[in-house]
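Below is one structure; the comments refer to it alone.
The values are calculated or read from the model by the stated rules, or taken from the named source; none is laboratory data. Here the structure is a predicted model, which is why all the values come from computation and not from measurement. Every residue, glycine as well, gets a Cβ built from its backbone with ideal geometry; the counts of neighbours run over all protein chains shown. All accessible areas refer to the heavy atoms of the entire protein, side chains included, with ligands and DNA or RNA removed. Shrake-Rupley method; radii C 1.70, N 1.55, O 1.52, S 1.80 Å.
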Amino acid sequence: MNIDNREYLWNRRWLWVAILIVSSILLSYLKPLKLQEGGEVTYLSMLVIFLVGYFYGGKAGIGAAFLYGILKYVLDYAFVVNVPELWDYILGYGLLGFGGLFFHSKNGLFKGYAFAVLLRYIESVWNCVWFYYQPDISIIQNIRYGLVYCGGYIGTEAVVTLILLCIPQVREVIEYLKFVATHEYEEDLDTF
């Protein structure tokens, strides 16, 4: 069986899931903004892990996102049990996979990404209030602090990503990658 190099990337789910998970992990370490208490803006790492679900649907997206959260935790906190971060990494990043539920809907890229990031934001605020509760201020002030703090880093990355997704060429590249990841190679395929 002779596989042409052009054919190799076509319709290989396991390969695309691996590429997207590894790419997202690498991008998560490129941080243009890191907040003092741990929040960080990355170069589109949330979008890249969300793409697994956008390409292959909710089940694959959720599985890949949870795996991403586990791998990220192990890489960041090897040999340390940090319950708040363990919860935040596995559940928070895992929720990004739920955006894949929109993979067949009209404007699924925008809806799915926005939904996934909203779920991650809600989990991060809950995590902030539950694990980092400040007893010297009221519960309302703790919630307000969590909303603002988590909105600072998750919201910043989400807004930048959504602006980038408004660029037709960016959407076209993502749609082409989705096509390659989910369709068989055709020799006479000249354009997408």
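Summary table below
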quantity	calculated
In region 139-156, the residues that are polar (S, T, N, Q) and open to solvent by 30 Å² or more (accessible area, probe 1.4 Å)	GLN141, THR156
Residue in region 82-99 that is without any contact (Cβ under 8 Å) to a residue 12 or more places away in the chain and not in a helix (DSSP H, G or I) present	yes
Identity of the residue in region 133-159, out of contact with any Lys or Arg (no Cβ under 7 Å at 6 or more places or on another chain) and in contact (Cβ under 8 Å) with a residue 60 or more places away in the chain, that ends up nearest to GLY99 (Cα to Cα)	ALA158
Boolean, LEU164 is under 28 Å from TRP14 (Cβ atoms), among the hydrophobic types (A, V, I, L, M, F, W, C), modelled with pLDDT of 95 or more and open to solvent by 20 Å² or more (accessible area, probe 1.4 Å)	yes
Qualifying residue in region 59-66 (condition: at pLDDT below 90, open to solvent by less than 80 Å² (accessible area, probe 1.4 Å), of a type outside the set (Lys, Arg) and in contact with a helix residue (DSSP H, G or I) (Cβ under 8 Å, 6 or more places away or on another chain))	no
Yes/no for PHE79 being open to solvent by 60 Å² or more (accessible area, probe 1.4 Å) and assigned to a helix (DSSP H, G or I)	no
